[in-house]
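One structure below.
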Amino acid sequence: MEGRTFWITGLSGAGKTTIGRLWYEELRASGVPAVFLDGDRLRQAIGDDLGYSEADRRKSARRNGKLCALLAEQGLTVVCCTICMYDEARSWNRENIPGYFEVYVKASMETLRQRNQKGLYSGGTEVAGLQVRVEEPKNPDLILENDGQRTPAEQVAILRAAAGK
């Protein structure tokens, strides 16, 4: 039996990891064999040889997608939270990952600057969405507007309904 992959994408600070972790915990609590993958942790585990050039970012996205495909093919439900900046990567995912479900967590730049959890929006570095071009998802299965009007739990409820769970 093939699993599913919930590919949760958005800019840094949009809420991908918070929403994704809650979704993962809910899946596990209901008995679904699931794994949680976070982009920062993936970079540490399988991408520490990569920098932040466009070529390296594309290679990282391919690795993440291939790992999700491998896990989903073994019957696991994967919750992967990553910026994933390129249409090419998301298209590959949709064509090659069993049960692929793309969630775009969207937050305004004003909200991202206010949250600034990692200090990225304070300047000095090349930030995806500011100095580095990001291709906004064109056809996600779900868009979660996350500028603070809903709690993370409310966002997960929207995801649950959209995912048919």
Set of aspartates and glutamates near K106 by C-alpha distance (under 18 Å), chain-local residues within fewer than 8 positions excluded: D38, D87, E135, E136, D141, E145, D147, E154
Once both labels are modelled 7 Å past Cα along the beta-carbon direction, what's the Q114-E145 spacing in nm? 1.4
Would you compute, from DSSP H runs of 4+ residues alone, the mean residue ellipticity of the chain at 222 nm, taking -39500 (n - 2.57) per run and dividing by the full residue count, rounded to the nearest 500? -13500 deg cm²/dmol
Given the alpha-carbon gyration tensor of the chain, what are the semi-axes of its equivalent ellipsoid in whole angstrom, ordered largest first, with each equal to the square root of 5 times an eigenvalue? 24, 20, 13
Label A29 and A45 with points 7 Å out from Cα along Cα→Cβ: what is the distance between them in nm? 2.3
Please get the size of the charge dipole for the chain, origin at its Cα centre, with Cβ charges of +1 on Lys and Arg and -1 on Asp and Glu, quoted in debye to the nearest 20. 160
Separation between the K138 and D56 pseudo-spin-labels, each 7 Å from Cα along Cα→Cβ, expressed in nm? 2.8
Among G51, L27, C80, which residue has its Cα positioned farthest towards the positive end of the charge dipole of region 19-80, with +1 placed on the Cβ of Lys and Arg, -1 on the Cβ of Asp and Glu, and the dipole taken about the Cα centre? G51
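Quick note: the coordinates plus some simple rules give every number you see, no bench work behind them. No experiment lies behind these values; they were computed from the predicted model shown. Glycine gets a Cβ as well: all are built from the backbone with ideal geometry, and neighbour counts include every protein chain shown.
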